[in-house]
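Asks: First the structure, which I've put down as structure tokens, then a few questions once you've had a look.
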Amino acid sequence: DAMVIQNPRYQVTQFGKPVTLSCSQTLNHNVMYWYQQKSSQAPKLLFHYYDKDFNNEADTPDNFQSRRPNTSFCFLDIRSPGLGDAAMYLCATSPRAITGYTFGSGTRLTVV
Amino acid sequence: GEDVEQSLFLSVREGDSSVINCTYTDSSSTYLYWYKQEPGAGLQLLTYIFSNMDMKQDQRLTVLLNKKDKHLSLRIADTQTGDSAIYFCAEVGSNFGNEKLTFGTGTRLTIIP
């Protein structure tokens, strides 16, 4: 009964080749987040959507974009992946009240 | 900006209690969380505490919050091998409409049989 679903679990992409990671939720939460987690590091927020409003973190590279076509889905687009973009990408959702986020199981991205 | 710090490693004998510590800098933190991450997996919310509380107990888990010192701890009683994981402390501030989690660096808990 996964409530935040990320596909695929593992993604291998070529250096410079655009890649899209997807996230869907069955919780009807207003807010969706994308975090990047590199090996042995804390998750780092890239951006989030509050409903349709997009909020980019100041230090998120332009190479990273996001789309949220409806409440249920959110996509992370990496326009030209570099070797340094290899990481686990975590999607999370939350309702308006801040009682905790629900994370997906993540997509591990490898860049070759 | 906000900063959340944890020690990186903790080893505990099976059956003993584990205590994982966290310090944070954001005095406007409203909620503080503990997440568990097993290898190759996403983050699982274990428990959270509101900033006006100083203790919360949930089965084997006890959370203590010292708001004056900005110190949070997670105690796991009767630690089992299944508790081996990385534990992240996280906080969210009171910026209405822009609530985002700031994570600590994570503490890797190793259980010694």
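Asks: Grab the beta carbon distance between A:D62 and B:H71, set R0 = 22 Å, and tell me the FRET efficiency rounded to 0.05.
Replies: Working from the Cβ atoms, E equals 0.05.
Asks: Rounded to the nearest 0.05, what FRET efficiency do B:D54 and B:D78 give with R0 = 22 Å and r taken as the Cβ-Cβ distance? Could you check? Could you put the intermediate results ahead of the total?
Replies: Numbers: r = 23 Å, r/R0 = 1.05.
Computed FRET efficiency for B:D54 and B:D78 comes out at 0.45.
Asks: Identify the trypsin sites (Lys or Arg not before Pro) of segment B:28-113 meeting these criteria: DSSP loop state and at most 11 other C-beta atoms within 10 Å of the C-beta.
Replies: B:K68
Asks: Separate question: How about segment A:13-112: which chymotrypsin sites (Phe, Trp or Tyr not before Pro) there are in a DSSP loop, with at most 11 other Cβ atoms within 10 Å of their Cβ?
Replies: Details: sites: A:F15, A:Y33, A:W34, A:Y35, A:F47, A:Y49, A:Y50, A:F54, A:F64, A:F73, A:F75, A:Y89, A:Y101, A:F103; in loops: A:F15, A:Y101.
In loop regions of segment A:13-112 (DSSP not H, G, I, E or B), the sparsely surrounded chymotrypsin sites (Phe, Trp or Tyr not before Pro) are A:F15.
Asks: Let me ask something else about it. Take chain A, mark every one of the trypsin sites (Lys or Arg not before Pro) that falls in a DSSP loop and has at most 16 other Cβ within 10 Å, then report the longest stretch left between them, sites excluded.
Replies: Counting at most 16 other Cβ atoms within 10 Å as exposed, the longest clean stretch of chain A is A:10-37.
Asks: Rounded, prolate or oblate for segment A:1-61? Axes are the square roots of the Cα gyration tensor eigenvalues, ordered a ≥ b ≥ c, and the cut-off for rounded is a/c under 1.5.
Replies: Judged from the Cα gyration tensor, segment A:1-61 comes out oblate (a/c at least 1.5, b/c at or above a/b).
Asks: Once label points are set 7 Å from the Cα along Cα→Cβ at both A:A86 and B:V19, what is their separation, rounded to one decimal in nm?
Replies: Taking the simple label geometry, A:A86 and B:V19 are separated by 4.0 nm.
Asks: Using the Karplus equation 6.51 cos²θ - 1.76 cosθ + 1.60 (θ = phi - 60°), what ³J(HN,Hα) coupling, rounded to whole Hz, does each residue of segment B:55-63 give in order, writing x for Gly and Pro?
Replies: Working through the residues one at a time gives 8, 9, 10, 9, 6, 7, 9, 10, 10 Hz.
Asks: Separate question: Between B:Q44 and A:R79, with labels modelled 7 Å along Cα→Cβ, what's the label distance in nm to one decimal, could you check?
Replies: Label at B:Q44, label at A:R79, 3.9 nm between them.
Asks: Quick check: pseudo-label points 7 Å beyond the Cα along Cα→Cβ at A:N55 and A:K38, how many nm apart are they?
Replies: 2.5 nm
Asks: Here is a follow-up. With θ set to phi - 60° and the Karplus curve 6.51 cos²θ - 1.76 cosθ + 1.60, what are the ³J(HN,Hα) couplings of segment A:41-56 in order, to the nearest whole Hz, using x for Gly and Pro?
Replies: Those phi angles translate into 10, 6, x, 10, 5, 8, 6, 8, 10, 9, 6, 8, 7, 8, 10, 8 Hz.
FYI, it's all coordinate maths here, none of it is from the lab. This one's a predicted model, so the numbers in the text were calculated from it and none came from an experiment. We place every Cβ from the backbone using ideal geometry, glycine too, and count neighbours over all the protein chains shown.
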